[in-house]
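Asker: Shown below is the structure under consideration.
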Amino acid sequence: MAINQSLAHGLNILLLYEASTPLFTVSEISKQLGYSQSKTYRLVRTLTQYDLLREENGTAQYTLGLNTLRLGLLAKGQFNLSSLAKPFMKELSLRTKETVLLTAVNGTRGVVLERVESEEPVRFSIFQPGVTLPLHCGASSKILMAHLPEEEWDHIISKEGLKRYTPHTLTEAESLKAHLRQIRKRGVAFSDQEVDRDVRAVAAPILDPNGELIAGVSIAGPLYRISRRRVGELSKLVMEYAQKISSQFRNESNIAARGGSTNIQRKRRV
């Protein structure tokens, strides 16, 4: 894929900033990056218009703007969410003896934020933190896609496609959309060998007080242990723990709003 040069040059300017170098003039940026003065000025002006840079009190020196702070806090909140959720995930894994995943939306894909692996000899042990996932299959991903605005579904499908991983993967757009609506209505997702053979999973959404998606928590394990009879029990548990994490997130956010020390920030997607 071709790189948008103007975008790349603008990002290069933002990446110049460090704690030790919080201020630059246009001339300094031009010299550091090898861009012409006129080009650098145009880029800095655009970044300033989007509040990614701001001029420091009429000094002709530029520092990072409020939108870079906002984005940084959102990114930091992602990692704080993992720390916040981990104790609940460990407890859920111990209760179920299965692997528990924390996932979130990353553009048009899902991403694994955290994982607590089952201690059973036979266990679901893939999907390390940082791995990205398709959103159209697997409980840990479908729970995310189901809670996105429906107008975003077509964009995700258009960009990512509906790859068939197993005979159980849904690959027809309208069938998938109907399935996602059912998931959203029930508040829980179930997958039966949709991404990996011999693996079943259930998942529930972690929502903010406004009902907007923060992340998803899921339980995954081998087919022979997650029987269809057990799915109901696991669904209740994953919904219970998703609610616990949501409540804890809300408490931490309230502390932050009152000026406390926590760095948890509300976010709709990663």
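Asker: Before we move on, is L81 closer than 25 Å to A19 by Cβ, in the same structural domain as L223 (by TED's automatic domain parsing) and crowded, with 18+ Cβ neighbours inside 10 Å? Break it down into steps so the answer makes sense when it comes.
Answerer: Numbers: closer than 25 Å to A19 by Cβ: yes; in the same structural domain as L223 (by TED's automatic domain parsing): yes; crowded, with 18+ Cβ neighbours inside 10 Å: yes.
For L81, the condition - closer than 25 Å to A19 by Cβ, in the same structural domain as L223 (by TED's automatic domain parsing) and crowded, with 18+ Cβ neighbours inside 10 Å - is met.
Asker: In this structure, does I157 turn out to be among the aliphatic types (A, V, I, L, M), over 22 Å from V100 (Cα atoms), within 18 Å of the chain's Cα centre (by Cα) and surrounded by 14 or more Cβ atoms within 10 Å (Cβ to Cβ)?
Answerer: Values: among the aliphatic types (A, V, I, L, M): yes; over 22 Å from V100 (Cα atoms): yes; within 18 Å of the chain's Cα centre (by Cα): yes; surrounded by 14 or more Cβ atoms within 10 Å (Cβ to Cβ): yes.
Yes; evaluated as a whole, the condition is true for this residue.
Asker: Can you pull out the residues in segment 47-61 that are outside any helix (DSSP H, G or I), in contact with a strand residue (DSSP E or B) (Cβ under 9 Å, 6 or more places away or on another chain) and closer than 17 Å to A8 by Cβ?
Answerer: To start, the set of residues in segment 47-61 that are outside any helix (DSSP H, G or I) comprises 50-61.
Pick out the ones that are also in contact with a strand residue (DSSP E or B) (Cβ under 9 Å, 6 or more places away or on another chain) and you get 52-56, 59-61.
Matches in segment 47-61: L52, L53.
Listed here are the residues, each with its yes/no results for (1) in contact (Cβ under 8 Å) with a residue 12 or more places away in the chain; (2) among the basic types (K, R); (3) in contact with a Ser or Thr (Cβ under 9 Å, 6 or more places away or on another chain); (4) not in a helix (DSSP H, G or I).
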{"residue": "S30", "(1), (2), (3), (4)": "no, no, yes, no"}
{"residue": "Y35", "(1), (2), (3), (4)": "yes, no, no, yes"}
{"residue": "R45", "(1), (2), (3), (4)": "no, yes, no, no"}
{"residue": "S82", "(1), (2), (3), (4)": "yes, no, no, no"}
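Asker: In segment 110-128, how many are free of Cβ contacts under 8 Å to residues at least 60 places away in the same chain, charged (D, E, K, R) and surrounded by fewer than 20 Cβ atoms within 10 Å (Cβ to Cβ)?
Answerer: Residues that pass the stated criteria total 2.
Asker: How many residues are part of a helix (DSSP H, G or I) and loosely packed, with under 15 Cβ neighbours inside 10 Å when one looks only at segment 15-28? Break it down into steps so the answer makes sense when it comes.
Answerer: Taking segment 15-28 and keeping what is part of a helix (DSSP H, G or I), we get 26-28.
Those still in the list that are loosely packed, with under 15 Cβ neighbours inside 10 Å too: 27.
So the answer is 1.
Let's see how each residue does on (1) under 17 Å from L133 (Cα atoms); (2) of a type outside the set (G, A, S):
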site	(1), (2)
A178	no, no
R197	yes, yes
A203	yes, no
I206	no, yes
P209	no, yes
G216	yes, no
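Asker: Please work out which one of (1) closer than 25 Å to S227 by Cβ; (2) touching a Lys or Arg at 6+ places or on another chain (Cβ under 6 Å); (3) hydroxyl-bearing (S, T, Y) is the condition T108 fails and give its number.
Answerer: Evaluating T108 over (1) closer than 25 Å to S227 by Cβ; (2) touching a Lys or Arg at 6+ places or on another chain (Cβ under 6 Å); (3) hydroxyl-bearing (S, T, Y) leaves (1) as the failure.
Asker: Another question, if that's okay. Report whether or not E98 is under 30 Å from D208 (Cβ atoms), of a type in the set (D, E) and modelled with pLDDT of 95 or more.
Answerer: Working: under 30 Å from D208 (Cβ atoms): yes; of a type in the set (D, E): yes; modelled with pLDDT of 95 or more: yes.
Yes; evaluated as a whole, the condition is true for this residue.
The values are calculated or read from the model by the stated rules, or taken from the named source; none is laboratory data. Keep in mind it's a predicted model, so treat the numbers as computed, not measured. FYI the Cβ positions are ideal-geometry reconstructions off the backbone, even for glycines, and counts take in every protein chain you see.
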